[in-house]
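A short reminder: the numbers here are calculations on the coordinates, not readings from a lab. The model shown is predicted, which means the values in this text are computed figures rather than measured ones. Glycine also receives a Cβ, built like all others from the backbone with ideal geometry; neighbour counts cover every protein chain displayed.
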Amino acid sequence: MSHPSSLHWLRRRKLKEGIFRVLMAASVLVVIGCLALIMGTIIWKGLPAMNLSMITQTPKGGYYLGREGGILNAIVGSLYLASGATVLAILFSLPVVLYINVYAQKRSRLASLTRFSLDVLWGIPSIVYGAFGFIIMIFFGLRSSLLAGILAVGLLEFPIMSRAADEVIRMVPNELLEASYSLGATRLETALKVVVRQCLPGLLTAVLIAFGRGIGDAASVLFTAGFTDRIPTSLFQPAATLPLAIFFQLGTPFPEVQQRAYASAAILTVLILVISLLARGLGKRYTRHIIK
Amino acid sequence: METRTHISVQDLSVYFDELRVLTDISIDIPDHKITVIIGPSGCGKTTLLKSLNRLLDPLDGVRVGGRVLVDGIDIYDPRTEVTEVRKKMGLLSQRPQVLPMSIYDNVAYGPRIHNHIDKKRLGEIVEHYLHMAGLWEEVKDRLGEPASRLSVGQQQRLCLARGLAVGPEIILGDEPTSALDPQSSQNVERRLIELKEEYTVIVVTHILRQAKRIADYIAFLYLGELVEHGPAAEVFANPKNPRTRAYLTGEIS
Amino acid sequence: MLVLTAVPTFLVLLILIGLFIRARPILAQKPFFSLFFSSAWSPLKGDFGLLPFIMGTLWVTFVSLVLAVPISLLTAVYLSEYAPLSVREFTKPIIDLLAGLPSVIYGVWGVLLVVPLVGRVIAPLFGVTSSGYTILAGGIVLAIMIFPTIISVSLEVFSSIPYPMREASLSLGATKWETVHHVVLKKGLQGIIAAIVLGLSRAFGETMAVLMVVGNIPRLPGSVFDGGYPLPALIANNYGEMMSVPLYDAALMLAAAVLLLVVLFFNVLARLILVRVERRAA
């Protein structure tokens, strides 16, 4: 069955397989390596410049010229802004996702259209959300403020949260819904008491994912939230954000301030890492408890 | 009856992670005969079949113990070339799986991969095997069409042609007619009987009547164990094991 | 609740309309050609030729795709077809983390590592002097940012291909790679294209990271070692001045609207392809 020519051919085939295996291994190493390189560089550069005053103080006069202070304004500003945006996003996401999964038929045209729109919204760059937020801001006569930032970032977070929540709520089996209806519950009661409770860990994951995105985004807050050295005490005051703080510190010609930029970057990175791990941890807990 | 052994299975055990799916199977498959493996569903028939052409290899967590000798060579020896082993066997699956290409390319796939064959020879090969599978007349004018457009029965015959085109010695059939209508089933059964002139055929089925129609040799598998095996006439007329008898009379299924 | 559910669909349109309304002044006053095909960019003089920025975006996106597509596809094939379960489980969180890293962080890293790499190592290799703030640097950073997009969509596409089809190829004696080539990649081709288009769309709109490494020079790039100025960077860098110069804000809004249109086009295209792929697999 095997003549010499097909043995030679076989060797060529095996060689081809071998070459591609090497290329594939190299690619995976590149991907993993990039993450290690990025996180390693940021933390390595950022750690030396990190000290307690960075996270406990707001910038004093001349901070960007090298004087004292910290980035507390940005840390608190970011937390306020991302939290507000996340709450706003939840207010709009939850009804929409519950509607397309509990009220409408899962395969109805409305549900498909809405899912498609959410996917499209998900792909819109954050700078467009920033520009649109700016338009809204002008329209309502607002100035650069925490509120405007919350609106823009809320818009950004909305599709992210909706998609993640939809993925989770979709998995609720129809039988569970029917069981609830047959006990006499209305659709609203079923949605809130059965579906939300069943999916709670997964929904929290969705919220965390959106929060993480919101706190790290710069382009959407650029136009809308302004920047300030103070911690905002009202929604109508401008708010500093971590990403912008990093950007501005990096942009100065003073090496000490640039060092602080690296430290701020390290802080943001660690923050994102923690949120990510939390989201993963919740996600794992979720898959253990769902009723199939 | 002078029967040469084509495949010799010796103490074959298969584990899916910690679960033992096949236990110490030993059987000699006779050459140029149709051997049918019968037994209730889920008892390891497909696993046994797939262990013969090392299709269990890519699955996660599968361990194989024992030996499977084909023409005297253990296919599980680490030195054997897997692709050559699989080339010796043609597999007909339960649900016909056509490759995402034209009818012509499906049949030509095997020959193209294994040898550098010129176009003219390739065309002859494709035609020859489509004839053998009984499909040539129906597709000769549309060889360039995607294979997915064929009916299920036609697809199964295409898979047969495709499997034969590699030039195997053994044909494996995993419930090859269960997804087909009665007409196509009959067609495939007829082909299998014709094919035993040139090939060794091993078929898995849960349809007893089909086994009675085509088998020369029977192996009864129950819960991963080889309960009984022997010439079909003997096993059907006089089953030696009570479990065999119970299965044949329909008590266990 | 029904009304709220209509929100996503209308939001897309609303954003588009909003941007175009704000861009109307400049569309009304300036000829179409001078906006999109001229490289004259002097806002103070009233010249708003967007061509350099459009080209800048195209160049950076192209470089990032050239780098990202092979690596992403090879990685996705490896994870889907070759990797043992442990490797797959290990790599998934890494890809998720790459996707979750904020743009600024990529930018800082770009400034720390990629810019010097391009300026001091890669450019000299080609006999070019460069500060490092180049299209190439932007492309490298962008490529890493779109790895997760292309990889995860490709993985979904591969997993929708039924396993028995691969078995059929293997049982004919094909090697694993031949099976990947003729079955997985062939059947998954449309989905892979969708994955690449989604990556492209992401690359188009990415702002901060690219802005920090690409040089921001408003001229038509001549090579990858030149500085560039992609559309998003234009919008981000100049929002401060835009209210003080006449028509500047309209110009930037126009840029945003153009960006949105392009991104929408690619997104909708890719999603439609994916819907078709999903329907065929069902």
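Using r as the Cβ-Cβ distance of B:HIS131 and A:HIS8, and R0 as 22 Å, what FRET efficiency do you calculate, to the nearest 0.05? The calculated FRET efficiency here is 0.10. Entry note, chain A: relative contact order of 27 percent, from Cα contacts under 8 Å with a spacing of 6+ residues. The charge dipole of region A:4-49, taken about its Cα centre with unit charges on the Cβ atoms of Lys, Arg (+1), Asp and Glu (-1) only, comes to about 340 debye. Of the trypsin sites (Lys or Arg not before Pro) in region B:174-253, the ones in a loop by DSSP (not H, G, I, E or B) with at most 16 other beta carbons within 10 Å are B:LYS240. Simple spin-label estimate for C:ARG219 and C:LYS186 gives 5.1 nm between the two label positions (7 Å along the Cα-to-Cβ direction from each Cα). Ranking A:PHE140, A:GLY77, A:TRP122 by how far each Cα lies toward the positive end of the dipole of region A:77-170 (charges on Cβ) leaves A:TRP122 at the top. Shielding value for A:7-15 is 3, the average number of Cβ atoms from other chains within 10 Å of each residue's Cβ. Mean partner shielding of peptide C:104-117, defined as the number of other chain Cβ atoms within 10 Å of each residue Cβ, is 6.
Rounded to the nearest 20, the size of the Cβ-charge dipole of chain A about its Cα centre is 1160 debye, with Lys and Arg at +1 and Asp and Glu at -1. Derived from the Cα gyration tensor, the three semi-axes of the equivalent ellipsoid of chain A are 39, 35, 18 Å, largest first. Inter-chain neighbour count for C:160-171: the average number of beta-carbon atoms from partner chains within 10 Å of each residue's beta-carbon is 6.
Take every Cα pair under 8 Å whose residues are at least 6 apart in sequence, average their separation, divide by the length of chain C, and the relative contact order is 28 percent. Quick note on the protein assembly as shown: its Rg to Rh ratio, both from C-alpha atoms and Rh being the Kirkwood radius, is 1.06.
Placing dummy labels 7 Å off each Cα toward the beta-carbon, the span from B:ILE207 to C:VAL245 is 8.0 nm. Shape class of chain C from the alpha-carbon gyration tensor: oblate, with a/c at 1.5 or above and b/c at least as large as a/b.
Computed over chain C, the per-residue total of -39500 (n - 2.57) for DSSP H runs of n ≥ 4 gives a 222 nm mean residue ellipticity of -21500 deg cm²/dmol, rounded to 500.
Extending 7 Å from the Cα toward the beta-carbon at both A:LEU200 and C:PHE37 defines two label points whose distance is 6.3 nm. Rounding to the nearest 10 and keeping the result within 0 to 90°, find how far the Cα-based axis of helix C:2-29 lies from the longest principal axis of chain C. Long axis of C:2-29 versus the principal axis of chain C: about 40 degrees. Which one, A:GLY61, A:GLY149, A:GLY212, has the greatest fluctuation when you compute a Gaussian network model over chain A with C-alpha springs under 10 angstrom? Residue with maximal mean-square fluctuation among A:GLY61, A:GLY149, A:GLY212: A:GLY61.
Under a Gaussian network description of chain C, with springs only between Cα atoms under 10 Å, the residue in C:GLY100, C:GLY191, C:GLY215 that fluctuates furthest is C:GLY100. Electrostatic tally near C:MET253: other residues with Cβ closer than 10 Å to its Cβ, Lys and Arg +1, Asp and Glu -1, net +1.
For region A:198-278, the relative contact order is 29 percent, taking Cα pairs closer than 8 Å that sit 6 or more residues apart in sequence and dividing their mean separation by the residue count. Computed over region A:4-49, the quotient of the alpha carbon radius of gyration and 2.2 N^0.38 Å is 2.11.
Once the chain from B:ARG67 to B:ARG20 is taken as fully extended at 0.36 nm per residue, the excess over their C-alpha distance is 15.3 nm. When both bridge partners sit in chain B, DSSP labels roughly 55% of those beta bridges antiparallel.
Highest mobility in the GNM of chain A, judged by mean-square fluctuation with C-alpha springs under 10 Å and restricted to A:ILE136, A:ILE246, A:ILE215, is found for A:ILE136.
The local environment of A:ALA82, defined by Cβ-Cβ distances under 15 Å, has a net charge of -1 under the rule Lys, Arg +1 and Asp, Glu -1. A Cβ-based charge dipole, computed about the Cα centre of the protein assembly as shown with Lys and Arg at +1 and Asp and Glu at -1, lands at about 1080 debye. If you take every residue apart from C:ILE273 with its C-beta less than 14 Å away from the C-beta of C:ILE273, what net charge results, scoring Lys and Arg +1 and Asp and Glu -1? Local charge sum for C:ILE273: +2. Indicate, rounded to the nearest 5 percent, the antiparallel portion of the DSSP beta bridges found entirely in the protein assembly as shown. The antiparallel fraction comes to roughly 55 percent.
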